[in-house]
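The values are calculated or read from the model by the stated rules, or taken from the named source; none is laboratory data. Keep in mind it's a predicted model, so treat the numbers as computed, not measured. Don't worry about glycine lacking a Cβ; one is built from the backbone with ideal geometry, like all the others, and counts go over all protein chains shown.
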Amino acid sequence: MLKIGRLLLHSLFAGTLGGALAVYAATADAAEVAVGFGDHIPPFCFPQTSSGIEVEIFREALAYRGHTIKPQFYPMKRIAAAFAKRDVDAAMMDSGIDLTPFGGIYAQPAVVYDNIFISLSSRHLKIKSPSDLKGLTVIAFPGALERYPEWLQPVKAAGNYVELNDQYSQVKALEAGHYDLAVSDRYIFRYHLSLLHKEQGSVAPVD
């Protein structure tokens, strides 16, 4: 969901993993805006071509006020640090870190991720509450623990939790049966699953 009026009120802007925006104070002059994005989250970002859903939303929103975008791609855990150090003017995700003390201003979502648990269908797992994760191994994206502590902290405490920035490797690990569950945006997972299908010729069904 793109709310141009709200986003461009500040001219320069940045966002959280869920899509909310944080911004530095900006002038009314046209500017090249360095925006930090995740480097392994297709179809939202494609670093090789500086494109993707997120990048295009920001590019068009900035162009609406005469600004241009300079996309910068980082592992998820490094994006907040880049914003805090002012290596970028804006950031599309905060990895669960409050960027307000670093000059961040949060606004309405530009992109909303649909993060879900995914398992091999052959496991017949039913996940209704955090207690259903007891004894299960989970692989997730960086920052998932900070966003879903009620669900994931007990798994981490049990030594059954891993975060991986390369979400293609995350999909491969789940398909290979190395983990019981993956935590991922459903569209990022589907994109990588389609790549794995092309690579292997087939993939196991998932829930």
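Overview of values
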read-out: Answer from ALA107, ALA26, ALA30, ALA84 - the residue that is over 13 Å from the mean Cα position of the chain (by Cα) and modelled with pLDDT of 90 or more; value: ALA84
read-out: Total residues in segment 178-192, condition out of contact with any helix residue (DSSP H, G or I) (no Cβ under 9 Å at 6 or more places or on another chain) and outside any helix (DSSP H, G or I); value: 0
read-out: Any chance PRO149 is outside the structural domain of ASP39 (by TED's automatic domain parsing), under 17 Å from the mean Cα position of the chain (by Cα) and free of Cβ contacts under 8 Å to residues at least 40 places away in the same chain; value: yes
read-out: Inter-residue pairs, beta-carbon under 7 Å, first part of a helix (DSSP H, G or I) and in segment 44-62, second aromatic (Phe, Trp, Tyr) and modelled with pLDDT of 90 or more, 6+ apart; value: ILE53/PHE44; GLU54/PHE37; GLU54/PHE44; VAL55/PHE37
read-out: Qualifying residue in segment 124-134 (condition: over 15 Å from the mean Cα position of the chain (by Cα), at positive phi, modelled with pLDDT of 90 or more and in the same structural domain as LEU181 (by TED's automatic domain parsing)); value: yes
read-out: Subset of segment 159-188 that is among the polar types (S, T, N, Q) and surrounded by fewer than 19 Cβ atoms within 10 Å (Cβ to Cβ) - its residue that is farthest from ARG147 (Cα to Cα); value: SER169
read-out: Sole residue being modelled with pLDDT under 95 and in contact with a helix residue (DSSP H, G or I) (Cβ under 9 Å, 6 or more places away or on another chain), chosen from ILE116, ILE97; value: ILE97
read-out: Candidates PHE117, PHE102, filtered to the one that is farther than 28 Å from GLU32 by Cα and either of a type in the set (Phe, Trp, Tyr) or not assigned by TED's automatic domain parsing to the domain that holds ASP180 (or both); value: PHE117
read-out: Condition broken by ASP207, with the remaining ones in (1) farther than 26 Å from MET93 by Cα; (2) surrounded by fewer than 18 Cβ atoms within 10 Å (Cβ to Cβ); (3) in the same structural domain as GLY135 (by TED's automatic domain parsing) satisfied; value: (3)
read-out: ILE139 in the same structural domain as ASP166 (by TED's automatic domain parsing), crowded, with 22+ Cβ neighbours inside 10 Å and not in a loop (DSSP other than H, G, I, E, B); value: yes
read-out: Failed item in (1) surrounded by 18 or more Cβ atoms within 10 Å (Cβ to Cβ); (2) within 22 Å of GLN48 (Cβ to Cβ); (3) at pLDDT below 90, with LYS77 passing the rest; value: (1)
read-out: Qualifying residues in segment 43-54 (those that are in contact with a helix residue (DSSP H, G or I) (Cβ under 9 Å, 6 or more places away or on another chain) and buried (at least 20 other Cβ atoms within 10 Å of the Cβ)) - the one nearest to ARG78 (Cα to Cα); value: CYS45
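Quick grid of which residues meet (1) assigned by TED's automatic domain parsing to the domain that holds ASN165; (2) touching a strand residue (DSSP E or B) at 6+ places or on another chain (Cβ under 8 Å); (3) free of Cβ contacts under 8 Å to residues at least 60 places away in the same chain:
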| site | (1), (2), (3) |
| --- | --- |
| ARG65 | no, no, yes |
| LYS70 | no, yes, yes |
| PRO75 | no, yes, no |
| ILE79 | no, yes, yes |
| ALA84 | no, no, yes |
| ASP94 | no, yes, no |
